[in-house]
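Novice: Below you'll find the structure I mean.
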Amino acid sequence: MTESSPAADQQEQRYPLSYSQEWFLTMDQGDGGGGTFSSRFTMVDPIHITGVVDLAVLQAALDDVVARHELLRTVVVRDADPPYQHVFPPCRVPLEVTDVPMEAGESRDKILQGLLYETAEISVRQAPLLRARLCRFDDRDSVLIVVVHHSASDAWSQQVVMRDIGAFYAARATGTAAKLPPVRQYHEYAEWQRARATSTAEDGAPAYWRRKLDGAREIAMPNDHGHPASYSRPFSQHVHVIDADVMAGASALAGASRTTLFPVLLSAFYVLAHQVTGATDLTMRAFTAGRDVEEFHNTMGLFLNLVPFRTDIAGCTSFRDIVMRAKDTFIDAIAYELPAAVIEQSFPHTTKPREDLSTSQFVISCPMAALGEDPSYPIAEGARYVRIPWREDEGAQDIPTGIGWFIDLPASGALTGSLMFNPDEFDESTVVGWATSLRRILTAAVRDPDQDWKTL
């Protein structure tokens with residue numbers, strides 16, 4: 001099932017793109033380049049399984065998930081005018097089974113890292129946009145790797161997919177119906193999203209953003225080697241950790257400020273951006289889940305949104321002052337949230353930094369809370385989600401910009417972050433320095449939030 005020449009009897013399965021899909025198209029660099037439709041711009045989730053896996057049941061469960069969620073069998077036809085999404089009928093999911101013998105002295109995590117890297121690729125020109133690989137260490141010890149192209153998924157959607165695989169596996173294994181809630185399809189969300197974004201009221205979202213972004217310029221972190229037309233090397237990744245005691249202090253500051261952890265972290269990023277650029281009128285973009293309507297909580301698809309957060313910290317005397325301003329920015333931005341494509345079309349001067357700089361994206365990867373953190377899946381006797389970081393000496397997954405900062409917010413404990421960057425633009429020492437500075441800023445700020453923020 002390919003992008004070109006859809007069958008005549010499938011014409012009714014063409015739908016307009018969502019704003020999220022249109023936004024991804026603006027970052028498309030073609031099949032030969034990187035960007036949002038690159039074969040390596042994927043979402044990869046590993047599940048550790050203890051117990052015997054029935055391959056026939058697993059295959060059927062994967063196929064059931066693709067049948068349940070249209071977007072997993074939807075191809076974005078990019079060369080049409082206008083581009084559109086084409087939904088194909090239910091189809092079989094590619095499932096690869098690999099036996100992985102362990103030898104003395106070998107690191108299991110290192111082996112898994114290599115398998116993840118090998119598997120993290122999928123074409124966007126044919127359905128389905130999901131593939132799986134079962135890596136068996138022995139009959140009762142395996143890891144299931146599930147890969148979905150990012151143009152069809154986000155962090156929340158990955159949790160939906162993984163939950164549904166488990167539910168369908170249990171149903172197939174027991175001969176019962178899957179215990180899953182009703183689901184709306186993604187093309188319905190696209191229609192709803194477009195209707196919502198057309199408000200012209202002066203107290204509506206477009207008017208808010210017109211006022212908020214007047215004269216704004218998104219912060220762009222200076223690179224080391226200029227911004228190339230295309231990248232010659234894979235992306236790399238630097239993983240960093242902020243200790244549990246620092247995060248406990250950040251949570252306490254958030255509670256005292258009657259806000260969430262996000263504005264506290266955003267404030268630390270504001271200070272870092274000031275230290276790097278000297279600016280005090282700061283506009284930084286961060287991903288949101290884009291799921292403020294409950295009826296679409298169980299829909300698989302690309303919902304994530306990139307929202308600009310503009311805060312002027314010039315008049316602040318302490319870090320606590322910055323947090324309070326960031327809190328107000330956050331509340332208003334979420335209340336008046338619009339799709340990134342709409343904001344970029346309306347305010348291109350804000351969201352398109354100079355060509356010799358690369359946009360620094362601060363990405364919060366924690367929209368899975370609605371489905372439960374660290375979920376379990378009823379595959380075989382037991383299955384748990386397992387976090388396996390990418391190797392820093394290998395090319396990582398593609399991202400559409402020169403650098404992306406991914407933050408995994410825990411309910412408690414240490415924070416893990418990763419900076420994905422392309423060596424064509426950034427030296428590793430630059431990226432490591434930013435991560436070190438962020439940890440230093442947050443550590444000092446939560447220890448004494450009333451100190452002069454310029455001394456952090």
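The values are calculated or read from the model by the stated rules, or taken from the named source; none is laboratory data. Nothing here was measured: the structure is a model prediction, and the numbers come from that model. A quick note on method: Cβ atoms are made from the backbone with ideal geometry, for glycine too, and the neighbour counts reach across all protein chains shown. Quick note on the areas: whole protein, heavy atoms, side chains included, nothing else; ligands and nucleic acids left out. Shrake-Rupley method; radii C 1.70, N 1.55, O 1.52, S 1.80 Å.
Novice: What single numbered condition from (1) farther than 24 Å from residue 47 by Cα; (2) touching a helix residue (DSSP H, G or I) at 6+ places or on another chain (Cβ under 7 Å); (3) in a helix (DSSP H, G or I) fails to hold for residue 164?
Specialist: Among (1) farther than 24 Å from residue 47 by Cα; (2) touching a helix residue (DSSP H, G or I) at 6+ places or on another chain (Cβ under 7 Å); (3) in a helix (DSSP H, G or I), residue 164 violates only (1).
Novice: If residue 307 satisfies every condition in (1) within 19 Å of residue 441 (Cβ to Cβ); (2) among the aliphatic types (A, V, I, L, M); (3) touching a strand residue (DSSP E or B) at 6+ places or on another chain (Cβ under 9 Å) but one, which is the exception?
Specialist: (1)
Residue-wise test of (1) in contact (Cβ under 8 Å) with a residue 60 or more places away in the chain; (2) buried (at least 16 other Cβ atoms within 10 Å of the Cβ); (3) outside any loop (DSSP other than H, G, I, E, B); (4) of a type in the set (A, V, I, L, M).
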| position | (1), (2), (3), (4) |
| --- | --- |
| 72 | yes, yes, yes, yes |
| 96 | no, no, yes, no |
| 102 | no, no, no, yes |
| 128 | yes, yes, no, no |
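Novice: If a residue must be buried (at least 16 other Cβ atoms within 10 Å of the Cβ) and without any contact (Cβ under 8 Å) to a residue 40 or more places away in the chain, how many such residues does region 104-126 contain?
Specialist: Number satisfying all stated conditions: 2.
Novice: Something else about it: So which residues in region 236-295 are in a loop (DSSP other than H, G, I, E, B) and either in contact with a strand residue (DSSP E or B) (Cβ under 9 Å, 6 or more places away or on another chain) or closer than 21 Å to residue 219 by Cα (or both)?
Specialist: Residues satisfying the conditions are 243, 278, 279, 280, 289, 290.
Novice: Within 26 Å of residue 412 (Cβ to Cβ) and open to solvent by less than 10 Å² (accessible area, probe 1.4 Å): does that describe residue 296?
Specialist: So residue 296 fails the test.
Novice: Moving on to the next point. Among (1) open to solvent by less than 10 Å² (accessible area, probe 1.4 Å); (2) under 29 Å from residue 428 (Cβ atoms), there is one condition residue 186 misses while meeting the rest; what is its number?
Specialist: (2)
Novice: So for region 232-253 (the condition being surrounded by fewer than 20 Cβ atoms within 10 Å (Cβ to Cβ), without any contact (Cβ under 8 Å) to a residue 24 or more places away in the chain, more than 17 Å from residue 412 (Cα to Cα) and aliphatic (A, V, I, L, M)), does at least one residue qualify?
Specialist: no
Novice: List, please: which pairs have Cβ atoms under 6 Å, are six or more places apart or on different chains, and start with a residue in region 270-290 that is open to solvent by 20 Å² or more (accessible area, probe 1.4 Å) and acidic (Asp, Glu) and end with one that is outside any loop (DSSP other than H, G, I, E, B) and at pLDDT 90 or above?
Specialist: 281/312
Novice: So, residue 169, is that one out of contact with any Leu (no Cβ under 9 Å at 6 or more places or on another chain), closer than 30 Å to residue 46 by Cβ and of a type in the set (Phe, Trp, Tyr) or not? Please lay out each step first, then the result.
Specialist: Values: out of contact with any Leu (no Cβ under 9 Å at 6 or more places or on another chain): no; closer than 30 Å to residue 46 by Cβ: yes; of a type in the set (Phe, Trp, Tyr): yes.
Answer is no for this residue.
Each row is one residue, and each column tells you yes or no for (1) open to solvent by 20 Å² or more (accessible area, probe 1.4 Å); (2) farther than 19 Å from residue 48 by Cβ.
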position: 139; (1), (2): yes, no
position: 143; (1), (2): no, no
position: 160; (1), (2): no, yes
position: 170; (1), (2): yes, no
position: 181; (1), (2): yes, yes
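Novice: Working only within region 299-315, note down all residues that are open to solvent by 30 Å² or more (accessible area, probe 1.4 Å) and either outside any strand (DSSP E or B) or out of contact with any helix residue (DSSP H, G or I) (no Cβ under 7 Å at 6 or more places or on another chain) (or both).
Specialist: Matches in region 299-315: 312, 314, 315.
Novice: Given the options 242, 219, name the one that is within 29 Å of residue 326 (Cβ to Cβ) and modelled with pLDDT of 85 or more.
Specialist: Unique residue meeting the criteria: 242.
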